[in-house]
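Below is one structure, written out as structure tokens, with a few remarks after it.
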Amino acid sequence: MTTTEERLARIRGPVPAQRHNARTIAALTGNPGCTRRAVLDGAGIDKTAIAERIGFPARFGQSRFAITRGNAFEARVKADDGAELLRLLAERLGVPAPQATYTDLGAGDGDRVARSADVLQNAAAGDDAALFDHPLLTLDVAGQRVRLEPDLVAARLGGRFHVVEIKSFPVIDGGADAAKVSAAAVQSAVYVLAMRQLLTAAGHDPETVSHEVVLVCPRDFSNQPVASLVDVRRQMLALRRQLDRMARLDDLLTGLPAQLRLDPSDPPETLRAALAQTEARYAPDCLATCELAFHCRNEAHGQTSALGRTVREALGGIDSADTVLALAAGEATPEPEQTEVARLLRTAAELRAEALSS
């Protein structure tokens, strides 16, 4: 093992490393400046177990009903070897509906990763329209080879591969929940990166994989599917930056105590003390993506970071909420670099007092 791998194994303790999937990789982009998350994810630490052990269990995740509904909708979309899906894709991409082969890469025995790679690389060299169900892709994340399974990949429709992501949240009157679309876009970007890496390794042009993914959702309150194109170039850039950062974990590890350990079986007080030695960058958005968010929010009590990055930046990087309130009330003398922010805070406080008194 390399020195970095040894450090990560020591931090993790004797428990096996948790493996990443598309959802956890997508979540990395939510707070790329958080050293705590980068180190814990790089070490493969079970953040759910840590959060439960220290008394701040995660409160997000899909319900059984949502999972069942999603599986039923996906089966509906893929019925008859994807006949209706092919029609939707051709319509959305603006090409004539072709005759296409359908290959279920999840069927059969043997090495599914190798089989998926072989079939997809061969498809890249041809011109035939095809649908590939249950492909198993890989992506390097902090020295780990992570296996990923997109819902489906369409090959050579309009001359390119398109990743297809099937979600059960509805598109109502032409619009869908922005947060859910954003999450689906980041997750799809993970698959696009993995597909491009696969084709590049075989000498193909990575641009053969389109940066536009096809998002398939139910229309309105029916079970009728509707397809939309989502451009994921911005999400891919963010993912590359974060994956590069995790690949340089040795830089982050140099600032951590040599004996740091985050074993979920350790006593809660030991774990809390160990977490305090890793720098967190809490923001309200973390509540939807990180298992340790409730602990970090409690830790950030009284800090402007708990109000979100936008607020903190507007406050000129002032860390303490008490300092902000004192500057607004004119009860504290601002530092030279805080003069303009203090003036704006006092003006805001005066306007608020005036509004409340009227």
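The values are calculated or read from the model by the stated rules, or taken from the named source; none is laboratory data. Being a predicted model, the structure only gives us computed values, none of them experimental. Note that we place each Cβ from the backbone using ideal geometry, even for glycine, and neighbour counts take in every protein chain shown. Surface areas here come from the heavy atoms of the whole protein model, side chains and all, with no ligands, DNA or RNA. Shrake-Rupley method; radii C 1.70, N 1.55, O 1.52, S 1.80 Å.
Results, tabulated for the structure shown:
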| read-out | value |
| --- | --- |
| Breaking point among (1) open to solvent by less than 60 Å² (accessible area, probe 1.4 Å); (2) touching a helix residue (DSSP H, G or I) at 6+ places or on another chain (Cβ under 6 Å), for R312 | (1) |
| Residue count for the stretch 108-142, restricted to those that are modelled with pLDDT of 85 or more, part of a loop (DSSP other than H, G, I, E, B), among the small types (G, A, S) and open to solvent by less than 70 Å² (accessible area, probe 1.4 Å) | 1 |
| Members of the stretch 27-57 found to be among the hydrophobic types (A, V, I, L, M, F, W, C) and at pLDDT 80 or above, listed by number | C34, A38, V39, L40, A43, I45, A49, I50, A51, I54, F56 |
| Elements of type helices (runs of 4 or more DSSP H) in the stretch 1-107, at least 2 residues being among the small types (G, A, S) and without any contact (Cβ under 8 Å) to a residue 12 or more places away in the chain | 64-93 |
| Residue match in the stretch 241-251 (condition: touching a Ser or Thr at 6+ places or on another chain (Cβ under 7 Å), at pLDDT below 90 and open to solvent by less than 70 Å² (accessible area, probe 1.4 Å)) | yes |
| Out of D177, D173, D205, D220, sole residue that is free of Cβ contacts under 8 Å to residues at least 24 places away in the same chain and over 23 Å from T103 (Cα atoms) | D177 |
| Only one of A300, A306, A283, A293 that is touching a Cys at 6+ places or on another chain (Cβ under 6 Å) and either more than 30 Å from P334 (Cα to Cα) or of a type in the set (A, V, I, L, M, F, W, C) (or both) | A293 |
| Filter result for V164 (touching a residue at least 24 places away in the same chain (Cβ under 8 Å), buried (at least 17 other Cβ atoms within 10 Å of the Cβ), in a strand (DSSP E or B) and touching a Ser or Thr at 6+ places or on another chain (Cβ under 6 Å)) | no |
| The stretch 180-196, subset small (G, A, S) and in contact (Cβ under 8 Å) with a residue 60 or more places away in the chain, residue least open to solvent (accessible area, probe 1.4 Å) | A189 |
| Filter result for R261 (within 19 Å of E6 (Cβ to Cβ) and open to solvent by 20 Å² or more (accessible area, probe 1.4 Å)) | yes |
| Failed criterion for R272 (all others in (1) out of contact with any Pro (no Cβ under 9 Å at 6 or more places or on another chain); (2) at pLDDT below 95; (3) open to solvent by 60 Å² or more (accessible area, probe 1.4 Å) hold) | (2) |
| Selection count, the stretch 197-229, where residues are open to solvent by less than 50 Å² (accessible area, probe 1.4 Å) and within 18 Å of A83 (Cα to Cα) | 9 |
| Where Q235 falls short, out of the listed (1) surrounded by 15 or more Cβ atoms within 10 Å (Cβ to Cβ); (2) over 19 Å from K47 (Cα atoms); (3) more than 23 Å from the chain's Cα centre (by Cα) | (3) |
| Index of the failed condition, Q303 passing every other in (1) within 30 Å of G30 (Cβ to Cβ); (2) among the polar types (S, T, N, Q); (3) out of contact with any strand residue (DSSP E or B) (no Cβ under 7 Å at 6 or more places or on another chain) | (3) |
| Checklist (1) touching a Pro at 6+ places or on another chain (Cβ under 6 Å); (2) under 30 Å from E91 (Cα atoms) applied to Q197, failing item | (1) |
